[in-house]
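Heads up, the thing below is written out as structure tokens.
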Amino acid sequence: MTHIIYLNDRPYRICDVGEGRCIMVICSAENVADLYEEYNGKYERGCRLIVVDVSLSSTTLEKGLTKKTMDDLVNDIHLLVDIYWLDEVWIEVESKVGMLCEKINAKLHGRMRFYPKLPNE
């Protein structure tokens with residue numbers, strides 16, 4: 001269930017499962033063998049879950065991001081959202097990098113919502 005894809009020539013591990021509202025988790029999970037096993041039970045059922053592991057692209061969220069690395073990651077996430085034709089996506093960045101969330105939100109022009117604040121439908 002986990003695939004490696006290249007966005008702007010940078011590799012990412014992606015796990016995409018489910019249907020419905022889309023929750024995207026951006027993480028650095030270099031020590032996690034199976035993204036599906038690790039993340040599927042942590043989020044609500046009945047949603048589409050896309051886990052984006054940035055560790056293959058030499059990006060470590062925990063140690064901080066340079067401006068260039070952050071800009072590259074934002075552009076790659078924007079490309080992924082466009083590839084999947086997502087009109088609305090709820091995003092959680094595991095390491096709570098506030099500036100990264102703000103930049104992704106600005107790049108997606110209002111298509112992003114912050115997880116876990118899901119609407120009551």
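The values are calculated or read from the model by the stated rules, or taken from the named source; none is laboratory data. Only a predicted model underlies this, so the values are computations on that prediction, with no experimental measurement involved. Counting neighbours? That spans all protein chains shown, and the Cβs are built from the backbone with ideal geometry, glycine included. Heavy atoms of the whole protein, side chains included, go into the accessibility calculation; ligands, DNA and RNA do not. Shrake-Rupley method; radii C 1.70, N 1.55, O 1.52, S 1.80 Å.
Summing charges over neighbours of residue 57, with a neighbour being any other residue whose Cβ is under 10 Å away from its Cβ, gives -2 when K and R count +1 and D and E count -1.
From the Kirkwood radius over Cα pairs of the chain, Stokes-Einstein at 20 °C and 1.002 mPa s returns a whole-number translational diffusion coefficient of 149 µm²/s. Ordered from largest to smallest accessible area (heavy atoms of protein chains, 1.4 Å probe), the residues 3, 109 come out as 109, 3. Applying both filters, DSSP loop and at most 15 other Cβ atoms within 10 Å, to the chymotrypsin sites (Phe, Trp or Tyr not before Pro) of region 1-93 gives 84, 85.
If you take all other residues with their beta carbon under 10 Å from the beta carbon of residue 47, and give Lys and Arg +1 and Asp and Glu -1, the sum is +1. Assuming charge only on the beta carbon of Lys and Arg (+1) and of Asp and Glu (-1), the dipole of the chain about its Cα centre is about 380 debye to the nearest 20.
Applying a DSSP loop filter and a limit of 15 other Cβ atoms within 10 Å to the trypsin sites (Lys or Arg not before Pro) in region 1-82 leaves 45, 63. Residues whose amide H lies under 5 Å from that of residue 23, counting only those 5 or more places away or on a different chain, are 48, 49, 50, 90; hydrogens are built 1.01 Å from N in the peptide plane.
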